Amino acid sequence: MKSQISSLKPPISRGLVTTLAIGLALVILFAPVPLTLAAPQERHFRIEASRYQYTPSVINVNPGDRVTIDLTTTDVVHGLYVDDYALNITADPGQTTRLTFVADKPGTFTLRCTAPCGPVHPFMVGKLNVGPNWLLWRAIGIASIAALAGLWVFKR
Amino acid sequence: MTTMNFELTRVHWLKWLLVSRWPLFLLRVVMLAGFVLTIVAGLVGSPVGSHNFAIIFVWIAWWTFLKLIAIPFGGRAWCAVCPIPVTGEWLQQGGLVEPGGQGLGWGRPWPKRLRNIWLPTGAFAIIGLFSSVTLTLPRVTSGVLLGLIALAVVLSLVFERRAFCRYVCPIGGFIGLYSRLAPIEVRVRDRAICATHKERTCVIGNGQGYGCPWQATPLALTQNTHCGLCMECLRSCPRDNIAVNVRSFGADLSQRAGRTLDQAYFGFMMLGSVVIYSAVMLGAWGNLKTAAYNVGTPAWFIYSTVLLAFTLGVLPGLFLLAVWAGRALARSKVSLKKTFIAQSHAIIPLGLMAWVAFTISFAFAKFSYVWPVLFDPFGWGWNLFGTAHLAWTPYLSSATPLLQVLVLLGGLVWTSIWVRRIAHEELPENLAARQSLPIMLFCFVYTIGMLWLLVG
């Protein structure tokens, strides 16, 4: 039994595994992402706001696209704030409010309602994806390494 | 495993501060005043949650402070100043500051069958079912707080000591579970000294301090779960044998004594409910929000069933499957139940980090609501210091996703360390690794799920 266990021991040291894991994690974290080859486009979306949802709830654009959002509302006054871009519009029932901006920051951004529209107003959100969500994919890659390294390195 | 400890009670002024009754009393009075203001604001203030002190201070300021700072760094420190049980405790003890008063109440022992945390698990589940209403309607928040204080008073008058805090309070269960990870502890200095001290003043009390309100015996204290950091044992010990230590994070996880099925299940309740809350509050699914809010409707019943089934059935079931597979891989002779309970304590760090990551996005986005309600607590249009009209703005929105990723990954690494360590308690190293693999797969999938919900 003892010899069987010994034969299962990893042939490389804990220090080496740690170094490799950290190195690989850093590569995944900072590796440059492929540039989008698509030329910037005019993108037009009509978002309908109602308690407590945007329809569509997720919009996808490419970095550099010129985005126009027409916000309408079917029940009460709703707002639309784009995190990080710090853009804010509100729409009254029956009216359409337009927001135009260049999606020059890549990533995933939360859209939030800024006009108190009812009790669940604080949780009324949508999403704007500008290009692929590299943060999520990098995180999944690092999580895989972290789980394996945690098992391997920290034995006792 | 070696732990690194620094005894805070060796610092003279700090010990004086901890032993003195007045700082704790004053803190409790301040908290109680804030608590009363919160209840009044909820009852008579604006029904709009974002303009009401009750909603903003309970669910944005306090709840955030608890999860991001108080529990991870102070364990049960909040319980020492919590205003919910103090009224009942003062009545029970017959005094506000010094021991020696003629207290009220029957002082009956808590029923043996209920000496566990199944009640807090149930209470947390019930709160979860109504969370969307509680978190958004000021009157409901006040009602919940009033209900908790009334229950705490009644239980203090019927049962001995802090039965409410130890066996009933859902927030106490939450704090107790994760206080094991905190880098602070109250422990005896020399067990031999306690062994010869027959009077056990730390348990029964004396003129200097009450017997442990949490019904703990300091000599037997090996983890933070049932230590309220009230410092009564520090005051009542005539042999100066109680220490407050700073230690490494998560040191309690190596203690086998506190690993029980009720604690394990409470952990799954926490692990599961943060997934559901993330989906409801941070997801872009309006129908889910409406279902969670409209209590009593068919959609709400479906939501409730899913919440309970996921937290109390699916998640523990999948974990059980992972433990079973791990045992089979390692050909372990340890029983499935024992391994399940032991390994479920290894995922406590993952649970805490999931709550921290959830709180980061929720709290930072809403924290700017605090300034207006600070000087207009009832939402009546006061503008005492010019803050009432400060515009809402989310804080750190560009850094939030990265912070959440780092926190969740940190939780995964932290948990993987303990999965392996706990497996190694019963198995040789390589077999421990085999047993750990399916459990780590469970943790990995859970982490990916949370990443998707929070930054996906």
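The values are calculated or read from the model by the stated rules, or taken from the named source; none is laboratory data. Just so you know, these numbers come straight off a predicted model, no measurement behind them. Neighbour counts are summed over all protein chains in view; Cβ atoms, including those assigned to glycine, are modelled from backbone coordinates with ideal geometry. Calculation scope for accessible area: heavy atoms of the full protein, side chains included, ligands and nucleic acids excluded. Shrake-Rupley method; radii C 1.70, N 1.55, O 1.52, S 1.80 Å.
For this structure, a couple of remarks:
- Residue in the stretch B:207-222 that is of a type outside the set (A, V, I, L, M), open to solvent by less than 20 Å² (accessible area, probe 1.4 Å) and touching a strand residue (DSSP E or B) at 6+ places or on another chain (Cβ under 7 Å) present: yes
- Top-ranked residue in the stretch B:237-251 [being modelled with pLDDT of 95 or more and outside any loop (DSSP other than H, G, I, E, B); ranked as surrounded by the fewest Cβ atoms within 10 Å (Cβ to Cβ)]: B:Val246
- The stretch B:283-298, subset part of a helix (DSSP H, G or I) and closer than 19 Å to A:His78 by Cβ, residue nearest to the other protein chains (Cβ to nearest Cβ): B:Gly286
- Options B:Ala432, B:Ala357, B:Ala365, B:Ala423: the member that is more than 10 Å from chain A (Cβ to nearest Cβ), under 30 Å from B:Phe266 (Cα atoms) and either surrounded by 21 or more Cβ atoms within 10 Å (Cβ to Cβ) or not aliphatic (A, V, I, L, M) (or both): B:Ala357
- One residue stands out in the stretch A:62-109 among those that are open to solvent by less than 20 Å² (accessible area, probe 1.4 Å), in contact (Cβ under 8 Å) with a residue 40 or more places away in the chain and over 19 Å from the mean Cα position of the chain (by Cα): the one that is nearest to the other protein chains (Cβ to nearest Cβ), namely A:His78.
- Among residues of the stretch B:115-136, those that are open to solvent by less than 50 Å² (accessible area, probe 1.4 Å) and either more than 18 Å from B:Leu288 (Cα to Cα) or modelled with pLDDT of 95 or more (or both), counted: 7
- Test result for B:Ala70, crowded, with 16+ Cβ neighbours inside 10 Å and aliphatic (A, V, I, L, M): yes
- Within the stretch A:113-124, the set of residues being at the interface with another protein chain (Cβ under 8 Å from one of its Cβ atoms) and farther than 13 Å from B:Gly286 by Cβ comprises A:Thr114, A:Pro116, A:Pro119, A:Pro122.
- Tally of residues being without any contact (Cβ under 8 Å) to a residue 24 or more places away in the chain, touching a Pro at 6+ places or on another chain (Cβ under 9 Å) and open to solvent by 30 Å² or more (accessible area, probe 1.4 Å) across the stretch B:368-390: 3
- Only residues that are open to solvent by 70 Å² or more (accessible area, probe 1.4 Å) and either more than 30 Å from A:Thr72 (Cα to Cα) or in a strand (DSSP E or B) (or both) were counted across the stretch A:28-47, and they come to 8.
- Within the set B:Val405, B:Val445, the sole residue that is modelled with pLDDT of 85 or more, more than 8 Å from chain A (Cβ to nearest Cβ) and either touching a helix residue (DSSP H, G or I) at 6+ places or on another chain (Cβ under 9 Å) or closer than 22 Å to B:Ala61 by Cα (or both) turns out to be B:Val445.
- Looking only at the stretch B:254-303, residues that are within 21 Å of B:Phe319 (Cα to Cα) and in contact with a Lys or Arg (Cβ under 6 Å, 6 or more places away or on another chain) come to 0 in all.
- A single entry from B:Phe310, B:Phe362, B:Phe367 fulfils the requirement of being within 17 Å of B:Met450 (Cβ to Cβ), at pLDDT below 95 and within 24 Å of the chain's Cα centre (by Cα): B:Phe362.
- Residue within the stretch A:127-145 that is buried (at least 21 other Cβ atoms within 10 Å of the Cβ) and in contact with a Lys or Arg (Cβ under 8 Å, 6 or more places away or on another chain) present: yes
- Condition met for B:Lys333 (among the charged types (D, E, K, R) and either away from chain A (no Cβ under 13 Å) or part of a loop (DSSP other than H, G, I, E, B) (or both)): yes
- Search result, residues across the stretch B:278-289 that are out of contact with any Leu (no Cβ under 9 Å at 6 or more places or on another chain) and either surrounded by fewer than 20 Cβ atoms within 10 Å (Cβ to Cβ) or touching a residue at least 24 places away in the same chain (Cβ under 8 Å) (or both): B:Trp285, B:Asn287, B:Lys289
- Unique match (being modelled with pLDDT of 90 or more and not basic (Lys, Arg)) among B:Leu374, B:Leu427, B:Leu384, B:Leu396: B:Leu427
- Extreme residue, farthest from B:Cys227 (Cα to Cα), among residues of the stretch B:142-169 that are open to solvent by less than 40 Å² (accessible area, probe 1.4 Å) and not in a helix (DSSP H, G or I): B:Phe159
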